[in-house]
Amino acid sequence: MKRWVLAAMVFFLFSGLASAKDYEVTKKAGDYTVVVTIDKNPPITGDNNLTVSVKDPAGAEVTDAKVSVEYSMPAMPGMPAMKYGAAAGLTGKIYKTKVNFSMSGSWNMVVKIVRGGKTAQVKFTVDAR
């Protein structure tokens with residue numbers, strides 16, 4: 001019986017540690033490598049801190065772009081589509097903003113990078129809980 005309790009405690013300890021890691025997506029946007037991080041994994045309904053790292057083909061941090069995030073949930077029976085946007089401000093070499101998922105479910109995310117008159121973007125989906 002003691003082994004069972006000890007095994008359960010170890011499982012819950014490590015499952016808690018595993019969920020403490022941030023939600024992270026790495027994608028290519030044209031010539032850029034973009035890393036998007038959300039401070040909660042899984043993302044939650046309500047406020048989530050989101051950061052965006054943009055690197056050029058040489059691996060240097062891009063700090064002269066305009067970065068924005070659009071997030072949306074398609075319409076469902078009895079509920080209209082939802083679409084929100086947020087500009088990301090540069091702090092050091094990372095772009096930061098907050099996103100607020102108004103309900104749990106699957107959200108479509110688009111991160112847009114505008115630099116030198118050209119726009120690049122990455123798309124991905126997150127499941128807020």
With θ taken as phi - 60° and the coefficients 6.51, -1.76 and 1.60, list the Karplus ³J(HN,Hα) couplings across the stretch 120-129 in order, rounded to whole Hz; mark glycine and proline as x. 10, 8, 10, 10, 7, 10, 10, 10, 7, 10
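Tell me the net charge near ASN108. Cut-off is 15 Å between Cβ atoms, ASN108 excluded, with +1 for each Lys or Arg and -1 for each Asp or Glu. Spell out each step's value before the answer.
Working: positive: LYS27, LYS83, LYS112, LYS123; negative: GLU70, ASP127.
Charge balance near ASN108 sits at +2.
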Net charge (Lys, Arg +1; Asp, Glu -1) of residues whose beta-carbon lies under 10 Å from that of THR51, THR51 excluded, is -2
Using a cut-off of 14 Å between beta-carbons, work out the net charge of the residues near ASN41 (Lys and Arg +1, Asp and Glu -1, ASN41 not included). -1
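FYI, it's all coordinate maths here, none of it is from the lab. Given the structure is predicted, the values throughout are model-derived calculations rather than measurements. Here Cβ is always computed from backbone atoms with ideal geometry, including for glycine, and neighbour counts include all displayed protein chains.
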